[in-house]
1. Any idea which of (1) exposed (fewer than 15 other Cβ atoms within 10 Å of the Cβ); (2) within 16 Å of the ligand (Cβ to nearest atom) is the one GLU152 doesn't satisfy?
2. Does ILE64 satisfy the condition of being in a loop (DSSP other than H, G, I, E, B), free of Cβ contacts under 8 Å to residues at least 60 places away in the same chain and touching a helix residue (DSSP H, G or I) at 6+ places or on another chain (Cβ under 9 Å)?
3. What's the number of the only condition in (1) surrounded by 15 or more Cβ atoms within 10 Å (Cβ to Cβ); (2) within 16 Å of the ligand (Cβ to nearest atom) that SER109 fails to meet?
4. From the set of residues in the stretch 71-100 that are within 14 Å of the chain's Cα centre (by Cα) and farther than 18 Å from ILE200 by Cβ, which is surrounded by the most Cβ atoms within 10 Å (Cβ to Cβ)?
5. Can you name the residue in the stretch 34-61 that is assigned to a loop (DSSP other than H, G, I, E, B) and open to solvent by 60 Å² or more (accessible area, probe 1.4 Å) and, of all such residues, is modelled with the lowest pLDDT?
6. Give the residues of the stretch 87-140 that are out of contact with any strand residue (DSSP E or B) (no Cβ under 7 Å at 6 or more places or on another chain) and among the aliphatic types (A, V, I, L, M), sorted by residue number.
7. If a residue must be surrounded by 18 or more Cβ atoms within 10 Å (Cβ to Cβ) and not hydrophobic (A, V, I, L, M, F, W, C), how many such residues does the stretch 132-147 contain?
8. Pairs, please: C-beta under 8 Å, at least 6 apart or cross-chain, first residue over 23 Å from PHE107 (Cα atoms) and of a type outside the set (Ser, Thr, Tyr) and in the stretch 119-137, second part of a strand (DSSP E or B) and open to solvent by less than 20 Å² (accessible area, probe 1.4 Å)?
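The values are calculated or read from the model by the stated rules, or taken from the named source; none is laboratory data. Because the structure is a prediction, the values reported are computed rather than measured. Positions of Cβ are backbone-derived with ideal geometry, glycine not excepted, and every protein chain shown enters the neighbour counts. Just so you know, the surface numbers come from the protein's heavy atoms only, side chains and all, with ligands and any DNA or RNA stripped out. Shrake-Rupley method; radii C 1.70, N 1.55, O 1.52, S 1.80 Å.
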Amino acid sequence: MLYAILFRCHFEVNILDASDTITREVLDNSKEMVRDAITRKFDIKKIMLSSSNTLCIADFGCSIGPNTFIAMQHVVQSLKEKYHNTNILEFQVFFNDHVTNDFNALFRSLPIDRSYYAFRVPGTFHGKLFPSRSIHFAHCSTAIHWLSKCPEELLDEKSQAWNKGLIHYVGTSNVEVLNAYVAQFEKDMEMLLNARADEIVEGGMM
Ligand SMILES: C[S@@+](CC[C@H](N)C(=O)[O-])C[C@H]1O[C@@H](n2cnc3c(N)ncnc32)[C@H](O)[C@@H]1O
């Protein structure tokens, strides 16, 4: 059910987000959740800070802005508030998306008054993108439901899951089509979670 909602969300988001309205709404609605998670669970003592005062934050599936800047500023601000606006902490923000993403457009519009160092990290978030135990806070908004590929059986006319050339499942009555999407999503999520499990430091969060 959850998967079905996510897939539906995927298509609705992509059909309707010409002006980024829905992605922005999702982001705004999750802000309180992000702040709350940081306030309750982010534990800097567990995290390190013995040799460095730098916290590393990554936004997976950042696109070309501006939502990613709003999200990253919010995370940095929530961390600063939790640690009483101390100036000891420094922040590195890694902006990730596919290699084909227009990172030049993204970086041309970086906020001038940002309080973090900005880096681009091209590549798929279904694989490892960072060294082991190097990320303190991983963020992703309206992106993890993107599949890595179209399930092959959907393209095979001889398969029971043949999707008749469609690139979505909306309105289908063929349960094999739904199952193929769910199976692909499960594989993708497993790869994504394994990669993040390796990259995120003990005490960090996603
Ligand atoms: C709907 S946009 C959301 C952008 C932004 N997070 C926001 O909230 O406005 C989804 C983004 O995820 C990226 N994306 C999808 N699959 C990805 C993958 N496997 N690796 C990295 N980025 C991916 C897409 O290229 C796209 O820029």
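1. Against the list (1) exposed (fewer than 15 other Cβ atoms within 10 Å of the Cβ); (2) within 16 Å of the ligand (Cβ to nearest atom), GLU152 comes up short only on (2).
2. In short, yes.
3. (1)
4. By that ranking, first place goes to ASP97.
5. SER50
6. Listed by number, the residues that qualify are ILE88, ALA105, ILE112.
7. The qualifying residues number 5.
8. That search, which allows pairs on different chains as well, returns ARG133/VAL201.
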